[in-house]
1. Starting from the Cα of Lys25, draw a straight line to each of the lysines and keep only those under 22 Å, dropping any in the same chain fewer than 8 residues away.
2. Quick one: pull the percent of accessible area on the chain belonging to carbon and sulfur, 1.4 Å probe, ligands and nucleic acids left out.
3. What's the FRET efficiency of Arg73 with Asp435 using the Cβ-Cβ distance as r and R₀ = 25 Å, to the nearest 0.05?
4. Report the GluC sites (Glu not before Pro) located in region 1-92 that are in a DSSP loop and have at most 16 other Cβ atoms inside 10 Å of their Cβ, or state none.
5. Starting from 0.36 nm per residue, how many nanometres of slack lie between Asn299 and Val375 once their C-alpha separation is accounted for?
6. What are the ³J(HN,Hα) couplings of region 66-72, residue after residue, when phi is run through the Karplus curve with 6.51, -1.76, 1.60 and θ = phi - 60°? Round to Hz, x for glycine and proline.
7. Kindly state, to the nearest 0.05, the FRET efficiency for Lys123 paired with Glu444, given R0 = 51 Å and r defined as their beta-carbon distance.
8. Note the full-extension length gain between Asp87 and Glu19 as 0.36 nm times their separation in residues minus their Cα-Cα distance, in nm to one decimal.
Amino acid sequence: MFVLNTQFLMRSINEINLEPKSDKKYWQNCHREWREEFIYFLLVDRFHDSHDRKPQNSTDRQTGFGKPDELQRTCGGTIRGIIDHLDYIHDLGCTALWLSPLFENNPQSYHGYAIQNYLEVDKRFGTKQDLEELVNKAHALDMRVFLDIVLHHSGDNWFYPGDEPYYYYNGTVFPFGGWRYEDRPVPTELRNQELYARRGRIRNYDAVPETRDGDFMDLKAFALNDSPQSLWLQELLVKIHCYWLREVDVDGFRLDAVKHMSEIAISRFCSSVREYAYKLGKKNFFFFGELVGPENLYNNYIGPKTPVAVNDKTIYYGLNSVLDFPLHHILPDVILGKASPERLIERYESLRQHALNRGEFGEFLVTFLDNHDQVGQAIKHRFGKDANNEQIIAGIGFLLCALGTPCIYYGTEQGFDGSGEGDWYVREAMFSLEDENTNALNKESHLYKSIAQIARLRKRSKVLKFGRMQIRPVSTDGLHFHLPECKECLLAFSRILFDDEIIVAFNISSTKFKTEYIQVELNGSNGFEYLYGDSGTLPIHSTEDRQVNYIQLKLIPLQFVILQRLHG
C-alpha cells in the first residue's frame with residue numbers, strides 16, 4: 001500500500017466551508033443565454049505547458065504533437081499554460097471554456113477522469129489558486145468557465161480480491177479487496193467500501209442495471225441508489241462540488257457518463273448545486289451532460305423547470321442540456337459527402353418532435369464535430385483526418401450557424417488529424433514534446449482565421465443565435481424545388497427571426513461547380529447580401545405563378561457562404 005503526501009491538505013468533508021467567501025465577488029453578470037455560447041473544449045494536459053513558446057509562422061494547417069507512447073502518459077499541460085494563452089481561445093471567438101477534470105488523479109492517469117482526491121487540484125496541472133486566476137481572467141474577457149466532473153465513478157483507488165479484474169455478473173456484489181493507498185481517496189469519508197457498487201467491470205454498456213452499477217474498466221463505480229448510505233454519498237458529492245463553486249467561481253459543470261446514473265441521482269445533484277449557485281448570486285449556472293444513447297433518453301434528464309415527485313419531495317430534472325451525439329454521428333459524413341443530407345433533415349425533425357416534450361431547453365443541445373472519445377469508432381479519428389480545410393470550415397461553420405450551443409474540440413481549428421486504435425490518438429498535444437519553444441497556437445492559419453470570422457459574425461447576429469431554423473428546398477432549374485437528397489448536393493438552411501433571415505449554404509461536392517436555386521421568403525425584401533464566403537448582393541426571383549421565391553447561387557466546389565436579407 002502506498003502513502004501519498006498529505007502535508008497541509010484537507011482530509012475530511014467536515015473541513016470545508018460552504019459559506020460565501022467574504023472577500024470574493026462572485027461573477028453574476030453573464031448576460032448571455034446558453035445557446036449564445038461558443039464553447040472551447042480542451043484537455044488540460046494537452047493544451048499548453050508553462051513554457052514560453054511560439055507557433056510556426058505559416059497559414060497552413062498542422063498536425064498535433066506527440067508519439068503514441070507519449071500520448072498515453074502525462075504530456076505536461078498546465079492551468080498556467082491556459083492562462084498564458086487565454087487570448088488564443090478568446091480571439092477564436094469562443095465565449096466559454098470547458099476544462100477536462102482537474103482534481104487530483106491516480107498517478108498513471110493523464111486525462112483527469114480517475115479521481116483520488118476531490119478536494120485538491122492535481123499538482124501536475126497546477127494549484128487551486130491557478131484555477132481561480134484562470135476563472136477570474138476568463139470572466140474579465142466575458143467568458144464562462146465550465147468544469148468537467150465525474151459522479152458515476154472514482155479512480156482506481158481500491159482493488160478486488162487478489163487484485164484481479166472482476167466483471168459484472170447478474171448483479172453480484174463482489175468482496176472488497178483493499179485500498180491502494182493509505183491516505184486516498186480524499187475526502188476520507190470515501191474510504192468506506194459500502195459506498196461503492198462493487199459489481200465488477202461493465203461488459204455491456206447498453207444493459208441496465210449493469211451499465212449503472214458496473215465499473216468503467218478499473219475506475220470504481222459509486223453506489224448511486226436510494227439506500228441511506230447512497231443518499232449520504234450523494235450529499236457528499238454535492239458538497240464537494242459546491243466547495244469548488246465557492247472557491248473558484250466556475251459557471252457550470254459538464255457531467256460525465258450521465259447515461260450511467262439514474263435520472264433521480266442527476267436531479268438531486270443538479271437541483272442542490274443550482275440552489276447553492278443562487279446563494280452565491282449566480283442565476284444562470286449551466287449543467288450539460290454526456291449522454292450517449294437514443295434521443296428519447298434525453299427527456300429523462302433535461303429540463304430544470306420540469307418537476308418530479310420523489311418520496312413526497314418535489315425536485316427537478318437537472319440538466320439544461322446534453323451533448324448532441326445524434327448530430328455528431330451524422331453531420332461529419334454529410335459535410336464530407338459520405339452521407340445524404342436526408343439523414344440531417346431527419347435529425348432536425350426528430351429534434352423538433354422531442355423538443356415539444358421538454359420545452360425550449362430541448363432545442364439548444366451542445367453540438368460538436370469531434371471530441372476526446374470519438375465513441376463508436378473502431379479506429380478513433382478526428383474530423384480532420386478525412387476533411388480538408390474547407391470541409392473543416394464548413395463543419396464548424398454549420399455548428400456556429402445552426403440550432404444549438406456550438407462546441408469546438410481543441411486542435412480542430414488548426415487541422416489536427418489524429419487517428420488510431422486508442423483514445424490517445426485523438427488527444428494530441430498542442431505543444432512540442434521534443435523542444436520547449438514550439439506550439440500549435442497559430443492565429444495566422446487559414447483555418448483559425450476563417451472560424452474566427454464566422455464566430456464573430458455569429459456573436460453579432462441575433463438571427464444566428466435566436467432565430468428558428470429551416471432546411472431550404474433547392475432546385476437546379478428554378479421550377480422544381482425539393483429538399484436536398486444526394487450526397488454531393490447543395491445544402492442550405494435559413495435562420496429566421498421575425499422579419500430577418502440569414503441563409504447558410506454549402507456546396508458539398510469537392511469537384512463540381514454548382515448553379516442552383518434556393519427557396520426563400522420574400523417578406524418585403526428584394527435581395528440578399530453576402531456576409532461570408534463571397535461578396536455582393538443577389539436579387540430575389542419568383543416563379544411565374546408567384547408561388548415560390550428564390551435566389552440563385554453559383555458556388556465553386558466546397559464553397560461555404562452566409563447571406564442576409566436586405567431590408568427596404
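1. Within the straight-line limit of under 22 Å, Lys25 reaches these lysines: Lys128, Lys137, Lys239, Lys279, Lys282, Lys283.
2. Details: 10960 of 22660 Å².
C and S fraction of accessible area: 48 percent.
3. Efficiency computed from Cβ-Cβ geometry: 0.85.
4. Numbers: sites: Glu15, Glu33, Glu36, Glu37, Glu70; in loops: Glu33, Glu37.
Here the sparse-neighbourhood loop sites are Glu33.
5. Stretched out fully, the Asn299 to Val375 stretch lengthens by 25.2 nm.
6. Result, rounded to whole Hz: x, 7, x, 5, 5, 6, 8.
7. Taking R0 as 51 Å, the efficiency between Lys123 and Glu444 is 0.90.
8. Details: separation 68, 0.36 × 68 = 24.48 nm, distance 3.27 nm.
Going from the current span to full extension adds 21.2 nm.
The values are calculated or read from the model by the stated rules, or taken from the named source; none is laboratory data. What you are looking at is a predicted structure, and each value in this text was computed from that prediction instead of being measured. Note: ideal-geometry Cβ built from the backbone for every residue, glycine included; neighbour counts use all protein chains shown. To get the accessible areas, we keep the full protein, side chains included, count just its heavy atoms, and leave off ligands, DNA and RNA. Shrake-Rupley method; radii C 1.70, N 1.55, O 1.52, S 1.80 Å.
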